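Note sheet for the following structure.
The values are calculated or read from the model by the stated rules, or taken from the named source; none is laboratory data. As the structure is a computational prediction, the values presented were derived from the model and not from experiment. Cβ sites come from the backbone with ideal geometry, for glycine too, and all protein chains shown count toward neighbours.
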Amino acid sequence: MDKAMNYLSLARKGGLAELGEEPVGASARAGKACLILVAEDASDHTWRRALSYAAGTDQQCVRIPASKDRMGQAIGREALSIAAITDPSLALALISALPEPEKYGKAAAVLTEKVKKGKQRRAEAKAHERNKRIGKK
């Protein structure tokens, strides 16, 4: 679990995480949240809100085996019940670092596909730039 919390900390420091209910909701509505994390001891209301943020999208929502205090400690707060990771590669690394990764198989599969598509888009953009430099149309 420590490794997963280290990824959450890294996401916060890198500006790739939204922390708290309002920022997570805004990020999810904008389609920027790849993974929504909810603490195991968060209220049912928070869990239902998180599910509603992700409903009808390919944004993944998981309840992780970490308390609000543990999540808060990872990011330098007293407590944190909900967070969103906006980078697909970091989200995949975090979900892979959770204990019992098979529990999160669907989320991992969706995030793996997002990472693959992102790599493909970057490769296509690089090829396009290369073609522009040598004068191809």
Of everything in the range 14-37 that's among the aliphatic types (A, V, I, L, M) and assigned to a strand (DSSP E or B), which residue is farthest from Ser96 (Cα to Cα)?
Leu19
Which residues, taken from the range 53-90, are free of Cβ contacts under 8 Å to residues at least 60 places away in the same chain and within 16 Å of the chain's Cα centre (by Cα)?
Tyr53, Ala54, Ala55, Thr57, Asp58, Gln59, Gln60, Cys61, Val62, Arg63, Pro88, Ser89
Residue identified as under 15 Å from Ala4 (Cα atoms), surrounded by 12 or more Cβ atoms within 10 Å (Cβ to Cβ) and modelled with pLDDT of 90 or more among Ser43, Ser67, Ser52:
Ser67
If you go through the range 98-137, how many residues are over 27 Å from Asn6 (Cα atoms) and either touching a Gly at 6+ places or on another chain (Cβ under 7 Å) or not in a helix (DSSP H, G or I) (or both)?
3
Within the range 68-97, which residues are in a loop (DSSP other than H, G, I, E, B) and within 21 Å of Tyr53 (Cβ to Cβ)?
Arg77, Ala79, Leu80, Ser81, Thr86, Asp87
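The rows are residues; the columns are (1) of a type in the set (Gly, Ala, Ser); (2) touching a residue at least 40 places away in the same chain (Cβ under 8 Å); (3) more than 12 Å from Leu80 (Cα to Cα).
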site: Lys3; (1), (2), (3): no, yes, yes
site: Leu8; (1), (2), (3): no, yes, no
site: Gly15; (1), (2), (3): yes, no, yes
site: Glu18; (1), (2), (3): no, yes, no
site: Glu21; (1), (2), (3): no, yes, no
site: Gly25; (1), (2), (3): yes, no, yes
site: Gly31; (1), (2), (3): yes, no, yes
site: Val38; (1), (2), (3): no, yes, no
